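The block underneath contains the structure these notes are about, expressed in structure tokens.
The values are calculated or read from the model by the stated rules, or taken from the named source; none is laboratory data. Quick caveat, the model's predicted, so the values are computed rather than measured. Note that we place each Cβ from the backbone using ideal geometry, even for glycine, and neighbour counts take in every protein chain shown.
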Amino acid sequence: MRFRGEFNVLLSTLERDNAWRRVKGGDVPEPRFKEREMILRFFALANRVNFYTGRLKRFLNDYMAKYAPHDAAAIDEQAGIFRQTMQNVYNVFGQNAGRLYSVPQRGSNDGEWDTNFSIAALEYRRQPY
């Protein structure tokens with residue numbers, strides 16, 4: 001599926017945004033639109049997490065086709081939400097933003113931050129009640 005429009009422009013703009021670059025790390029986006037997919041995952045999960053059934057490709061395609069904002073005001077609002085979220089993540093975690101923390105042994109308090117970025121660190125996980 002090929003998508004056009006202002007929301008695509010937003011994805012390309014946000015992958016160069018300073019707040020995202022600090023969280024993701026690096027000065028330039030990864031090749032082959034990997035970061036645009038990460039940003040799209042953020043929006044799709046933030047706006048429709050209750051409808052996610054585990055098929056990520058279909059979920060992202062459905063979001064782009066049916067639920068991605070089309071008018072300028074909604075796109076600006078989503079951009080603001082993303083930027084503020086990335087600023088908040090960086091303010092809390094600093095240089096470790098977007099990295100996972102692992103503890104090697106159960107019962108041990110000695111752990112370390114992963115050196116590589118992980119999109120899973122930013123994904124919303126709904127906890128069962």
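Could you pull out the residue among ASN61, ASN88, ASN47 that is outside any loop (DSSP other than H, G, I, E, B) and closer than 18 Å to ASN18 by Cα?
Details: ASN61 fails: closer than 18 Å to ASN18 by Cα; ASN47 fails: closer than 18 Å to ASN18 by Cα.
Among ASN61, ASN88, ASN47, only ASN88 is outside any loop (DSSP other than H, G, I, E, B) and closer than 18 Å to ASN18 by Cα.
Going through segment 1-37 one residue at a time, which ones are assigned to a loop (DSSP other than H, G, I, E, B), in contact (Cβ under 8 Å) with a residue 60 or more places away in the chain and surrounded by 12 or more Cβ atoms within 10 Å (Cβ to Cβ)? Lay out the reasoning, then the answer.
Pass one, segment 1-37, residues assigned to a loop (DSSP other than H, G, I, E, B): 1-5, 15-17, 25-33.
With in contact (Cβ under 8 Å) with a residue 60 or more places away in the chain added as a condition, the list becomes 1, 3, 5, 17, 25.
Those that are assigned to a loop (DSSP other than H, G, I, E, B), in contact (Cβ under 8 Å) with a residue 60 or more places away in the chain and surrounded by 12 or more Cβ atoms within 10 Å (Cβ to Cβ): PHE3, GLY5, ASP17, GLY25.
Those residues that are among the basic types (Lys, Arg), over 13 Å from the mean Cα position of the chain (by Cα) and closer than 17 Å to ARG99 by Cα, I need them from segment 23-33; list them, please. Talk me through it step by step, then tell me what you get.
Here is the first cut: in segment 23-33, the residues among the basic types (Lys, Arg) are 24, 32.
Add one more test, that the residue is over 13 Å from the mean Cα position of the chain (by Cα), and what stays is 32.
Across segment 23-33, there are no qualifying residues.
Just to verify a result, which residue in segment 89-129, among those that are more than 27 Å from GLY26 (Cβ to Cβ) and charged (D, E, K, R), is modelled with the lowest pLDDT?
ARG126
Starting from segment 93-106, take each residue that is surrounded by 11 or more Cβ atoms within 10 Å (Cβ to Cβ) and list its partners that are hydroxyl-bearing (Ser, Thr, Tyr), counting only C-beta distances under 6 angstrom and pairs at least six apart or across chains.
Listed by first residue and then by second, the contacts come to ALA97/TYR90; LEU100/SER118.
Condition check: within 12 Å of the chain's Cα centre (by Cα) and not β-branched (Val, Ile, Thr). Does ALA74 satisfy that? Show your work before the answer.
Values: within 12 Å of the chain's Cα centre (by Cα): no; not β-branched (Val, Ile, Thr): yes.
No, not satisfied.
Please pick out the residue among PHE82, PHE93 that is of a type outside the set (A, V, I, L, M), in contact with an Asp or Glu (Cβ under 9 Å, 6 or more places away or on another chain) and part of a helix (DSSP H, G or I).
Details: PHE93 fails: in contact with an Asp or Glu (Cβ under 9 Å, 6 or more places away or on another chain).
Matching residue, one of PHE82, PHE93: PHE82.
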